Each structure stands twice: as C-alpha cells, then as structure tokens.
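Inspection log for the structure reproduced underneath, given as structure tokens.
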Amino acid sequence: MREWRTRIKVRLTRGLNPTELRRTQPIGIFRDGDSVGIIGREKYSTTYRLVYGHGHGVSFKLRDESPSIILPLGRKEHLAHISDARVARVLDKRILVYSSEGQVRVAIHDTEAEMDVWDVPAINRHLTGSGILVSDYLHNGQYVLFYGTKDLRVAFSKNLVAWHAGGQVLASPRRDTFDRHGLRIISATHIDQGLLVFYESTEVKRGVATISIGSVLVSRNDPEVVLWRSDEPLHQEVTKVKDETQLLGAVVYESDFVFYFTSAKQKLFTTKLPNPYAPRSRSRRNTRLHRFPHNPVMSPSAFEWESHAVFNPAALVDNGKVHLLYRAMGPDGVSRIGYASSTDGVHFDERLPYPVYTPSKGFGDADPKRGAARVQALSATNPSGGGWAGCEDPRIVKIDGHAYMTFCAFDGWDFMRQAMTAISLDDLNDKNWNWRDPVLLSRPGTTQKNWIIFPEKINGKYAILHGLSPKIHIDYVDSLDDFDGTKYIESLPPAFGSGFHDPRRKDHWDTRVRGAGAPPIKTAMGWLLLYHATDRLDPGKYKLGAMLLDLNDPTKILYRANAPILEPDEWYENDGKAGVVYTCGAVVLNDNLIVYYGGGDKHIGVARANVDDFIKGLSTSHPVELKRVTANV
C-alpha cells in the first residue's frame, strides 16, 4: 500500500531535559481507549526503568512514574530482557502483555498498590515468542491471546493465570511469498468483521532488512477459524540492517491503520494505510447510488424468449423518451434483445412482447444441435449470464441520426467477439426494426467484451473504447463504416474471470477491473464513464465505479470515485447470479443522471443522482451524494 504511505516523525514530550529523553527506547505501541499508549525502557548505568505514556496522533507525553513488574514468588522482572510490551483493557482490568526470555508473560495492574505495580500471576512456558491480548473482548467468558514465535496461535484463559492453547495453528510462513519467514504478531483488534491480527515477517539479505506486514482476519464467534489472510504485504519497510529498525505495534482507527516503527536513527516514525473495513462502510453511506424504491423495474415475463432473465440494458434518450434495449433469455439459453420505453425514465409503460434484435449467423446464432447440452452444462456455473449463445450486453449511442449498438456476439467461450449494428432514429421511434447488417470489431480468435463507442467525434474521429485497465485503450477511426469484415481493432488479451489488475489500484476497492459500463456521457468537466470492478477484499461481487475522462484525450483519467457508487445489496441483485450489478446504459434526463443496470443477471434496476452534484463530487474528491429516485425525475 505504498501510495497511501505517509511518514511522520513522532514527537515525545514530558517536560524532561532533552538529554534524559534520549535515553528512552520504545518497546511497544498500542491503542488505549481514545489515545495511543507507548511503553519504553531507559538505561541508567547498569540499571533499567520502564516508562509509559499516552498521546494523540504524533505527540506523546510520558509519565514520571516507573512501573515495576513482579514475577511469582516476589521476584522483579529483569527489564533489560523485555520487549513487545503492550497494554489491553478488558472489563475493569488493565493487562500488560510482554516478551521476556523467549516467553510471553501476562501481568495484571495492581490497583491497590501504592506504587505502579504489575503482577505476573504465573509463568506459562508454552506461550512463546510475542503476544497480544485482545482489548474489550471475551470469547465464551475467556480472555483471548494471540501469540507465537514462528507461527501464529491463539490461547484462552478464564482467570489470566492458566492459559490453554487452541487446537490448531492460525497462520504459518508460506513458501515463495512475502511472509516466508517467521511471523511475529504486532497487533490484534476487535472490529465488526472479526478479530483483525497484524503480523510482520522480516527478510535479511546482503545487509538489507525488509519488514513485510501481513494480516489475518479470524471469526469473532470462534477465534480459531481464519476467515481471510492477506495474499500481498500491506506494507514493506526496507532498511539497512545497521539501522536496527523494529516494528513496535499498530493502531486501528476508523479510517486508517497506523504502524509505528523505531530505529537507531529515529525514535519513532509511522506508516499510515487506509482501513479497508470500517471506513468503507462509512463511504458507502455517502456514495451509494440510491435505487428506485419500486425496483426491479423489469423482471422475466411469461413470454418464452424472456422468461428466464432480463438484464444489462442499453439506454438512450430521443423524441422525449428513454429507449431501453435489454438482454433477454429464455429456456434455450440464447440471448436476444428486447425493447421498452419510458417518458419519465423509471416507469416503463411500453414493453414489446417480441425481441427486436436476434442473433444471426456468425454473430452468436445458436446451433440447436449443441443447445440442450450446453445449456445444462453452463447453467450450473452461470457464466456469461447463464447463456450459451446470442447477442449479449448491448450498448447504444446516438450519432448522425442513427443509433449505433455494440454487443458481444457469443457462441461459447471460444467465440466471444465484439460486434456492431445500427438503426436510424426514425425507425427506432417508429419501431421499424430495420437494423444494418452487423459487423465484427474484434479480431478472430480473441475474447472481448465491454467495448463502447463515444457518442460524438473526438478531434474529428470516432472513438471506440476497448480496454480500461491497467490503462485506457481507445482506437480512433474516420468512419464507423470502415469495419467490413477485414479491418479489426487490436485489443488487450482476455482477463477471463479474474479481471484486469492494475498494481496502482491494489489499495482500492477496484483491484480487479472488469470493463466499461455505459457509454460515456459528456459533461462540462469531462467524459463521465461508469465501470465494473471487483475487490480482492470482498470477492465475488460486481460493483460500479465512476471516473471523469479528459474531453480531448479520454485516455487520461481526471478524477475517480473513491468508493463504489452501487453494490449488490438487494435481493434482486442476488436472485440469479448472486452479487452482480452491471450497467450497460445511463442517460441524463431533466438534470438527473439515471443509471440502468442488471441485477443478479436476472432483473433490471434503476438508480439516479443529480448530474451536477455527481460531477462536482467526483471533481472535488468529495463523497458523492446520490439521491433516491422519485417518480418525477
């Protein structure tokens, strides 16, 4: 997560002489209520003393008191040996967990002692390495301690005296990955999604130390169940071995993770990363595209050709109407294009009982001999919307008195090509379905989806967007009639089910970009482009994003929404293929951006935003406020 990284020198203050302050060696950082706690060790000749304090952000104030740690039988802990010291609060107890002589020790704050005393009630020799007690959390009435020398483990205790280890290892080093060396725990926090555990794995090579930070999320209902583990390092700190850089701990805030380091050169410095859990929930409340309250606006009908699914509609405004051309499927698994229209953009009072565009030979035409077997085979996995042939996922734009429609000509995974046809606007309004003969845009032998045409020329040429990640790919042509079966557009190789990965987006919600959504909409600030993406932290869900492209060079991204504008949360977005919202059409009607989308590869939904507010939100990097659709749009 390096692009989010900020390094800050942290200031220690306590009203002492600066020469005394330099004696302090930090040995632990932890979250303590609303503040950050720090524990350090100071050396005086041949003796040591502990110091601790609290702060907010980058400023700390150390207390004058020096805590003592008392072992069983009244012996004092040898302070020169301790490390990884952090305090947790559970119920009314303050509990210090630290490492000494290769063991994890647990000390309880003695509130009745006159001095600042911490009592270690027992030595549990099976607790080795370093450890973290989870604050404000009990599991079945037991305290929970994560610990380990090389592997990450969990232990439980009812009284903080006797600890019993869990039955299995939570995480071990993995070969050929960033965490192939021993794992050292640095933080454990109770969040809504579970118990979030951070660890480090350090590699030393040729005098250079690489400290890699990973994470594990375990179930809050059963801390021995791992829900997720990071595949890539959250952060890597590369330093010289002689700098003696150490990771002290992590503090989890609502919007950030802050990791604290110490080195021979700097007493404290931090690395800040965005929190992918809590802040994302907050962002969704501000940026979620609100749906029409009577969604879905269209669902499968009794007509056989569209009795299984209607979804992924294209849209344009002409002659005072929103014209919707949507993908439909029946029991034969063949995709055809249906038609509906609306005067207000949300109530579709006209819906034709027959398909207005059907696949032709060489453009997704179905072979009946293969049909039944392929429908049965594909319906189990539901690829390509559950179909096996036809014209899929149309996009449509108005250019020079015609409506140009691109679509995916699909005849199995070995034939998935981008095609284009057109119809005059007069015929569209009169419902005379005199479509031009289709032409193929993509080269034979390649798998291509999600191509879109810009609705007007750019620098005197027609623009066709055919790739979105890791950069935008656009081809410019003098005429859309140039495609005659011998001329094609060279595009990116297929990403298939994984989506295109842009390493620069690895810290964001759109780590896997699927492709463009609706054709771009021209605004004063730039081309508004909606797109589909998935998130490695929330896999299996298609979400919608938004970006603004430069008007004269749309390969340049000017602004990008920092959170999805729509996510698959409603029942009709999980009814067919669970976890899908997918747009192929959006229009501006009466100052409103209206987005039409397929939900769950089965239904059609609609949502909207005031277009000026939406663009302003994107261009100022502010959360985009999206209003609920009403009937009077």
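Residues are listed down the side, and each one gets a yes or a no for (1) at pLDDT 95 or above; (2) in a strand (DSSP E or B); (3) closer than 20 Å to Tyr462 by Cβ; (4) open to solvent by 40 Å² or more (accessible area, probe 1.4 Å):
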position: Phe363; (1), (2), (3), (4): no, no, no, no
position: Ala373; (1), (2), (3), (4): no, no, no, yes
position: Gln376; (1), (2), (3), (4): no, no, no, yes
position: Asp427; (1), (2), (3), (4): yes, no, no, no
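Take the stretch 321-332 and flag every residue that is buried (at least 24 other Cβ atoms within 10 Å of the Cβ) and over 26 Å from Asp400 (Cβ atoms).
Within the stretch 321-332, Ala328, Met329 qualify.
Working only within the stretch 240-251, note down all residues that are open to solvent by 20 Å² or more (accessible area, probe 1.4 Å) and either touching a residue at least 40 places away in the same chain (Cβ under 8 Å) or assigned to a strand (DSSP E or B) (or both).
Lys240, Gln246
In the list Leu62, Leu71, Leu91, which residue meets the criterion of being modelled with pLDDT of 90 or more and of a type outside the set (Lys, Arg)?
Leu71
Among the candidates Val106, Val154, Val97, single out the residue that is over 25 Å from Asp34 (Cβ atoms), modelled with pLDDT of 95 or more and in contact with a Leu (Cβ under 7 Å, 6 or more places away or on another chain).
Val154
Counting just the residues of the stretch 390-402 that are open to solvent by less than 10 Å² (accessible area, probe 1.4 Å) and either hydroxyl-bearing (Ser, Thr, Tyr) or at positive phi (or both), which one comes out modelled with the highest pLDDT?
Asp393
Does Val633 meet the test of being modelled with pLDDT under 85, open to solvent by less than 10 Å² (accessible area, probe 1.4 Å) and in a loop (DSSP other than H, G, I, E, B)?
On the way: modelled with pLDDT under 85: yes; open to solvent by less than 10 Å² (accessible area, probe 1.4 Å): no; in a loop (DSSP other than H, G, I, E, B): yes.
Answer is no for this residue.
Going by the conditions given, is Val611 more than 23 Å from the chain's Cα centre (by Cα), open to solvent by less than 20 Å² (accessible area, probe 1.4 Å) and at pLDDT 95 or above?
Values: more than 23 Å from the chain's Cα centre (by Cα): yes; open to solvent by less than 20 Å² (accessible area, probe 1.4 Å): yes; at pLDDT 95 or above: no.
Judged against the criteria, Val611 is not a match.
When you look at Gly148, is it of a type in the set (Gly, Ala, Ser), open to solvent by less than 30 Å² (accessible area, probe 1.4 Å) and touching a Gly at 6+ places or on another chain (Cβ under 6 Å), yes or no?
Taking the combined requirement at face value, the residue satisfies it.
Within the stretch 331-351, how many residues are in contact with a Ser or Thr (Cβ under 9 Å, 6 or more places away or on another chain) and more than 30 Å from Gly485 (Cα to Cα)?
So the count comes out to 6.
Quick check on my filter: what residues within the stretch 599-609 are in a strand (DSSP E or B) and among the charged types (D, E, K, R)?
Matches in the stretch 599-609: Arg608 only.
Return yes or no: is Lys61 more than 22 Å from Val120 (Cα to Cα) and out of contact with any strand residue (DSSP E or B) (no Cβ under 6 Å at 6 or more places or on another chain)?
Answer is no for this residue.
For Tyr476, which of the numbered conditions (1) touching a Gly at 6+ places or on another chain (Cβ under 8 Å); (2) part of a strand (DSSP E or B) fails to hold?
(1)
What number of residues within the stretch 157-186 satisfy the criterion of being open to solvent by 10 Å² or more (accessible area, probe 1.4 Å) and closer than 27 Å to Trp118 by Cβ?
The total comes to 9.
Which one is nearest to Tyr253 (Cα to Cα), of the residues in the stretch 14-53 that are among the β-branched types (Val, Ile, Thr), at pLDDT 85 or above and surrounded by 11 or more Cβ atoms within 10 Å (Cβ to Cβ)?
Top of the filtered list is Val36.
State all residues of the stretch 511-549 that are out of contact with any Pro (no Cβ under 7 Å at 6 or more places or on another chain) and over 26 Å from Pro455 (Cα atoms); if no residue qualifies, say none.
Within the stretch 511-549, Thr511, Arg512, Thr534, Asp535, Arg536, Asp538, Pro539, Gly540 qualify.
Provide a single number: the residues in the stretch 459-473 that are of a type outside the set (Lys, Arg), surrounded by fewer than 18 Cβ atoms within 10 Å (Cβ to Cβ) and not in a loop (DSSP other than H, G, I, E, B).
Total meeting the criteria: 1.
May I ask you to list the residues in the stretch 302-320 that are open to solvent by 20 Å² or more (accessible area, probe 1.4 Å), farther than 12 Å from Ala586 by Cα and either touching a Gly at 6+ places or on another chain (Cβ under 9 Å) or assigned to a helix (DSSP H, G or I) (or both)?
If the condition is that a residue be open to solvent by 20 Å² or more (accessible area, probe 1.4 Å), farther than 12 Å from Ala586 by Cα and either touching a Gly at 6+ places or on another chain (Cβ under 9 Å) or assigned to a helix (DSSP H, G or I) (or both), then Phe303, Glu304, Trp305, Ser307, His308 are the ones that fit.
On the given criteria, is Phe415 farther than 16 Å from His323 by Cα, among the hydrophobic types (A, V, I, L, M, F, W, C) and out of contact with any strand residue (DSSP E or B) (no Cβ under 7 Å at 6 or more places or on another chain)?
Spelling it out, Phe415 is indeed farther than 16 Å from His323 by Cα, among the hydrophobic types (A, V, I, L, M, F, W, C) and out of contact with any strand residue (DSSP E or B) (no Cβ under 7 Å at 6 or more places or on another chain).
Mind checking which residues of the stretch 56-88 are over 22 Å from Thr128 (Cα atoms) and either open to solvent by 60 Å² or more (accessible area, probe 1.4 Å) or touching a Pro at 6+ places or on another chain (Cβ under 6 Å) (or both)?
Those that are over 22 Å from Thr128 (Cα atoms) and either open to solvent by 60 Å² or more (accessible area, probe 1.4 Å) or touching a Pro at 6+ places or on another chain (Cβ under 6 Å) (or both): His56, Lys61, Arg63, Asp64, Glu65.
Would you confirm, using the coordinates I've provided, whether Tyr596 is within 20 Å of the chain's Cα centre (by Cα) and assigned to a strand (DSSP E or B)?
no
The values are calculated or read from the model by the stated rules, or taken from the named source; none is laboratory data. Fair warning: this is a prediction, and the values are worked out from it, not measured in the lab. FYI the Cβ positions are ideal-geometry reconstructions off the backbone, even for glycines, and counts take in every protein chain you see. Surface areas here come from the heavy atoms of the whole protein model, side chains and all, with no ligands, DNA or RNA. Shrake-Rupley method; radii C 1.70, N 1.55, O 1.52, S 1.80 Å.
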